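Undergrad: I have a structure I would like to understand better, so I am pasting it below and will then ask my questions one at a time.
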């Protein structure tokens, strides 16, 4: 009876990354910078002395008269910085609340598609700054060399270090028939001894520091660590707190950083393939 | 119902137990550090709302007479108060750490409500005692890192081999210090935080939080916004219930059923994403209303809901007709109606045991008061099967509600989606019925900033009942019982 039900709707599985997938391509990523140097008059000429920083409610900012300080303060996690008149956005801190996009659609927009993860923390800042193409290429080559033994068949292990529960849903989704990562030789394993890739979620709860470290130590080399979600990358809105480290890189060495609150299943899959060197970063600077 | 200040702790407990005996439901207990001392607040739910009852422990008090001996439902709440403030509930049967394991030595507790950031607390998991007694008994630690994709929690299964006479739960591993994090935030930033307390119930948390702010400021949610809120709350319920069905099918080794319900759940998350841009309904609910109408038109929504309803109800019917599956659920993890009532259990866990206090029916909010919500026929067996029946009934009800609100939304007049009255200072309780049960927010705003925000998830209130449902069950029943509760650890650990 169930066998027939299994055939009822035909093949539901995406063929991404071999073939494009419209849902993957349209997926909303973190915010991004559309116009690095907004030409609008007044951006840097506001008398910020007059603003009581304690009283400012981000929703009540007069967006037409926004000065640099307000531009930075739109973001509840401090992902936006203005340096020498140029806007920088750290996607590793973006919790996808959309305030910047709503307030200044001329400056900010949504990144689209699954390629949101990067091989370095600094590489998540857009437009890219300190990551020279040479350094990124070196990172990629190093990872590729280290993980050359993996490639086609890998086993995942997941550790929750203080997530809100959504990242777990999105990782689990990879095993439903729509994403079905078994087709790519990616499996979950019941033991850290068999694990090649460690997916870590959450802002780095201090209660999980020791279990996380022990899981990492129990995995055989070579191994890849992926920080899944903005909380895992930077602590997001959970940090600063007495109870979290503000990102899991404080506990284990992270190879791939995937921002998102939570990142979409396609973004997590992209990060896994990126860590394995089975997919191109797609965007310069990643 | 208004906040009341009771003179002393004993007086508060008297009043509380009296009210519970008279039919009100004990809905929670928490502390707030105030300059004048530790404010203890109990929540009582009744037909007219959720009322906070306050009492003040004088500053410097190291202990107070525990409530738990008189009202068992306070068991975890008092342990949490002990963790957060370092006060001792005297007479508590087991005053052990719960959400914050023994910090070493004289570390100052986080004390929510107190201005300033607490010092970093490095927990010492070794400091917790284990409870193995008797010859031949041993403890199987299950977690915090588990095989599969789970949130971090440790179940200590104490067993002579097969049966589970006792289960011990350690939830502190993923404690994030959420309550302190709210403090000092603007109400607008607090909303983003509330959405991420228990992410699988994002909409319900946002609703409960916004209801509190709206009560403080006296805001009225416009009708179309109230409909959009119900739309997203019911989509969230669908996703969570389908997740439970998927996990139960997985536990029973039904690969196709697992795949089918996983697919349905993905379709729901995609529909949510299509409606608002986020697969978890983030950014929809704002104080005073909603941020926007659904991005998808009514026709598109109705089509998608219709297709989903057809596919889900067919598979649900088939699952409930699969004998090998039902055998695993029947009489597994029984919770008696008396215990459910006594504890004031919430959501599908309570309804499965014939105890029903659904905030959408009893204390309706937003559009629920006008939608003619009728409780489905109860299932009083109290086992994992009863809880799944309740969920499938709620799934059918959610589909009806989704059609209803989509139709209403198509006819609703154009107008504002938000009461722009802003926020003001004050304190209020807000509630909403999450897929897991009632969520409560007790929020206090002073000078435009949150000074105390206490989210109380249904997961926190219900999870403690897992202690009691293993009568006669064996190790292989564990995944069924856990899945049938359908709770999120994020909402428990705080």
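All of the numbers you see were taken from the coordinates with simple rules; none came from a lab. Source: prediction; values computed, not measured. Cβ coordinates were reconstructed from backbone atoms using ideal geometry, including for glycine residues, and neighbour counts include every protein chain displayed.
Undergrad: Taking 35 Å as R0, compute the FRET efficiency from the Cβ-Cβ separation of residue A:37 and residue A:144 and round it to 0.05.
TA: Working: r = 36 Å, r/R0 = 1.02.
In this case the efficiency is close to 0.45.
Undergrad: For the residue pair residue A:13 and residue B:407, what label-to-label distance in nm results when each label sits 7 Å from Cα along the Cα-to-beta-carbon direction?
TA: 4.1
Undergrad: If you don't mind, another one. Which value in Å does the Kirkwood hydrodynamic radius of chain A take, with 1/r averaged over all unlike C-alpha pairs and then inverted? Write out the running numbers ahead of the final one.
TA: Working: mean 1/r = 0.0499 Å⁻¹.
About 20.0 Å for chain A.
Undergrad: Could you give the nm distance between label points at residue B:48 and residue A:187, where each point is 7 Å from its Cα heading toward the beta carbon?
TA: Those two pseudo-labels are separated by 6.3 nm.
Undergrad: Taking neighbour Cβ counts within 10 Å as the exposure measure, how do B:411, B:179 sort from fewest upward? Can you show the working numbers first?
TA: Working: B:411 8, B:179 22.
Exposure proxy ranking, most exposed first: B:411, B:179.
Undergrad: In vacuum, with every alpha carbon of the range B:328-376 counted as one equal point scatterer, what does the Debye formula give for log10 I(q)/I(0) at q = 0.13, 0.14, 0.15, 0.17 Å⁻¹? Two decimals, please.
TA: Taking Cα atoms of the range B:328-376 as identical point scatterers yields -0.38, -0.43, -0.48, -0.58.
Undergrad: Let me ask something else. If a/c stays under 1.5 just call it rounded; otherwise compare a/b with b/c (prolate if a/b is bigger, oblate if not). Do that for the range A:133-181, with a ≥ b ≥ c from the square roots of the Cα gyration tensor eigenvalues. If you can, show how the numbers build up before the last one.
TA: Working: a/c = 2.49, a/b = 1.70, b/c = 1.46.
Judged from the Cα gyration tensor, the range A:133-181 comes out prolate (a/c at least 1.5, a/b above b/c).
Undergrad: Another question about this same structure. Listing B:164, A:197 from the residue with the fewest other Cβ atoms within 10 Å to the one with the most, what is the order?
TA: On the way: B:164 21, A:197 24.
Fewest-to-most ranking of B:164, A:197: B:164, A:197.
Undergrad: Rounded to the nearest 0.05, what FRET efficiency is calculated for residue A:214 and residue B:22 with R0 set to 35 Å and r the Cβ-Cβ distance? Please report the intermediate quantities before stating the final value.
TA: Working: r = 51 Å, r/R0 = 1.46.
Approximately 0.10, to the nearest 0.05.
Undergrad: Give me B:139, B:68, B:202 ranked fewest to most by other Cβ atoms within 10 Å of their Cβ, as a rough exposure proxy.
TA: Least crowded to most crowded, the residues run B:139, B:68, B:202.
Undergrad: Separate question: Just to confirm my numbers, what's the Cα centroid distance between the range B:267-299 and the range B:196-237 in Å?
TA: Cα centroid to Cα centroid, the span is 12 Å.
Undergrad: On to the next question. Could you check the simple spin-label distance between residue A:4 and residue B:377, using points 7 Å along Cα→Cβ, in nm with one decimal?
TA: In this crude spin-label approximation the distance works out to 2.7 nm.
Undergrad: Let me have the 222 nm mean residue ellipticity of chain A computed from DSSP H runs of 4+ only, each contributing -39500 (n - 2.57), with the sum over all residues rounded to the nearest 500.
TA: Working: 9 runs with 70 residues, N = 286.
Per the formula, -6500 deg cm²/dmol.
Undergrad: Given a Förster radius of 35 Å and the C-beta distance between residue B:331 and residue B:396 as r, what FRET efficiency does 1/(1 + (r/R0)^6) yield to the nearest 0.05? Show your work: numbers first, answer last.
TA: Details: r = 25 Å, r/R0 = 0.70.
The computed FRET efficiency comes out at 0.90.
Undergrad: Give me the tail of P(r) for the range B:131-188 as a percent: Cα-Cα pairs with distance above 14 Å. Each step should come with its number before you reach the end.
TA: Values: 1064 of 1653 pairs.
Value for the range B:131-188 (Cα pairs over 14 Å): 64 percent.
Undergrad: Between 0 and 90 degrees, rounded to the nearest ten: what's the tilt of helix A:265-275 against the longest Cα principal axis of chain A?
TA: 80
Undergrad: I would also like to ask the following. What number, rounded to the nearest 500 deg cm²/dmol, is the helix-based mean residue ellipticity at 222 nm of chain B, given -39500 (n - 2.57) per DSSP H run of at least four residues and division by all its residues? Present the calculation step by step, with values, prior to reporting the outcome.
TA: Working: 16 runs with 196 residues, N = 494.
My calculation for chain B gives -12500 deg cm²/dmol from helical runs alone.
Undergrad: So how much slack lies between residue B:255 and residue B:291, counting 0.36 nm per residue of separation and subtracting their Cα-Cα distance, in nm? All intermediate terms of the calculation are to be shown ahead of the outcome.
TA: Working: separation 36, 0.36 × 36 = 12.96 nm, distance 3.98 nm.
Taking residue B:255 through residue B:291 to full extension adds about 9.0 nm, to one decimal.
Undergrad: So how much slack lies between residue A:151 and residue A:280, counting 0.36 nm per residue of separation and subtracting their Cα-Cα distance, in nm?
TA: Values: separation 129, 0.36 × 129 = 46.44 nm, distance 1.37 nm.
Residue separation times 0.36 nm, minus the Cα-Cα distance, leaves 45.1 nm.
Undergrad: What does the C-alpha gyration tensor say about the overall shape of the range B:181-482? Classify as rounded when a/c is under 1.5, otherwise prolate if a/b is larger than b/c, or oblate.
TA: Numbers: a/c = 2.06, a/b = 1.39, b/c = 1.49.
Taking the square roots of the gyration eigenvalues as a ≥ b ≥ c, the range B:181-482 is oblate.
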